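> Provided herewith is a single structure, encoded as structure tokens, for subsequent inquiry.
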Amino acid sequence: LTLERVDKVGLINMPLLYERWVLLQIIMVLKEVFRFTPQNDWKSQLMQAVTTNQEDIKIVLANEDAKRYISLWYEKKLPNNKRPDFTLDLTWYPEIDSEKKEAQSKRFILDAKFYDKNTFIKAGGMMAKIEELYTGKNYSENNQNPVFLIHPCKTAIESQITPQTWGAY
């Protein structure tokens, strides 16, 4: 009820603020780390969408040198009528395909949750939340898409499950 009152006043609740911060972070990582170039009007398009609470917001990014292209969607409606926070549609071409005739593609689903460890515990654990998104809400679209959970909780993973350094996070 408190969050509803905050929404009526026009303030943004923390989960929504976190979600939008994650959107900016995804764009920044794609730009700065993976050298993607966003479409020219991406900032104004993003501001317009956020201030009017639009859905199905699409920002196109390209890395011409690598022949990789991303359509980053915010609150895209999937064919099953579900609406994950972020959808990344990646298209790429093999190195030998100089004329770009053999497009390959993969969809990635990312959902932002502003959860702490206790919230994850109440939800049955982080893996239960991922299972809910993957199977329950069918963000995987019948096991076709990998589904990732983005969250700020450092202690959600109690034991490292892979020897890679990122496994602790």
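The values are calculated or read from the model by the stated rules, or taken from the named source; none is laboratory data. The structure presented is a predicted model; accordingly, all values stated were derived computationally and were not measured. Positions of Cβ are generated from backbone atoms using ideal geometry, with glycine treated the same way; all protein chains shown enter the neighbour counts. With ligands, DNA and RNA removed, areas are computed over all heavy atoms of the protein, side chains included. Shrake-Rupley method; radii C 1.70, N 1.55, O 1.52, S 1.80 Å.
> What number of residues within segment 44-73 are part of a helix (DSSP H, G or I), under 26 Å from His151 (Cβ atoms) and open to solvent by 80 Å² or more (accessible area, probe 1.4 Å)?
2
> What's the total number of residues in segment 25-42 that are touching a strand residue (DSSP E or B) at 6+ places or on another chain (Cβ under 8 Å), assigned to a loop (DSSP other than H, G, I, E, B) and on the phi < 0 side of the Ramachandran plot? Full working, then the answer.
First pass over segment 25-42, keeping only residues touching a strand residue (DSSP E or B) at 6+ places or on another chain (Cβ under 8 Å): 26-27, 30-31, 34-39, 42.
Okay, now just the ones that are also assigned to a loop (DSSP other than H, G, I, E, B), so 34-36, 39.
Imposing the further condition that a residue be on the phi < 0 side of the Ramachandran plot reduces the set to 34, 36, 39.
The number of residues fulfilling the criteria is 3.
> If the Cβ limit is 7 Å and pairs must be 6+ apart or interchain, which residue in segment 20-42 that is under 20 Å from Leu149 (Cβ atoms) pairs with which residue that is in a helix (DSSP H, G or I)?
As it stands, the answer is Arg20/Val50, since those pairs meet every condition given.
> Quick check on segment 112-156: of everything there that is part of a helix (DSSP H, G or I) and among the β-branched types (Val, Ile, Thr), which residue is modelled with the highest pLDDT?
Let us first name the residues in segment 112-156 that are part of a helix (DSSP H, G or I), namely 117-122, 126-136.
Keeping just the survivors that are among the β-branched types (Val, Ile, Thr) gives 119, 121, 130, 135.
Numbers: Thr119: 87, Ile121: 85, Ile130: 91, Thr135: 94.
Among those residues, the one meeting the criterion is Thr135.
Rundown of residues vs (1) open to solvent by 50 Å² or more (accessible area, probe 1.4 Å); (2) more than 24 Å from Leu78 (Cβ to Cβ); (3) in contact with a Leu (Cβ under 6 Å, 6 or more places away or on another chain), yes/no style:
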{"site": "Phe108", "(1), (2), (3)": "yes, no, yes"}
{"site": "Asp111", "(1), (2), (3)": "no, no, yes"}
{"site": "Phe114", "(1), (2), (3)": "yes, no, no"}
{"site": "Pro146", "(1), (2), (3)": "no, no, no"}
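> Another question, then. Conditions first: (1) on the phi > 0 side of the Ramachandran plot; (2) open to solvent by 40 Å² or more (accessible area, probe 1.4 Å). Gly125 passes all but one, so which condition is the exception?
For Gly125, the exception is condition (2).
> Quickly run through segment 74-106 and pick out the residues that are touching an Asp or Glu at 6+ places or on another chain (Cβ under 8 Å), open to solvent by less than 40 Å² (accessible area, probe 1.4 Å), in a strand (DSSP E or B) and free of Cβ contacts under 8 Å to residues at least 60 places away in the same chain.
Tyr74
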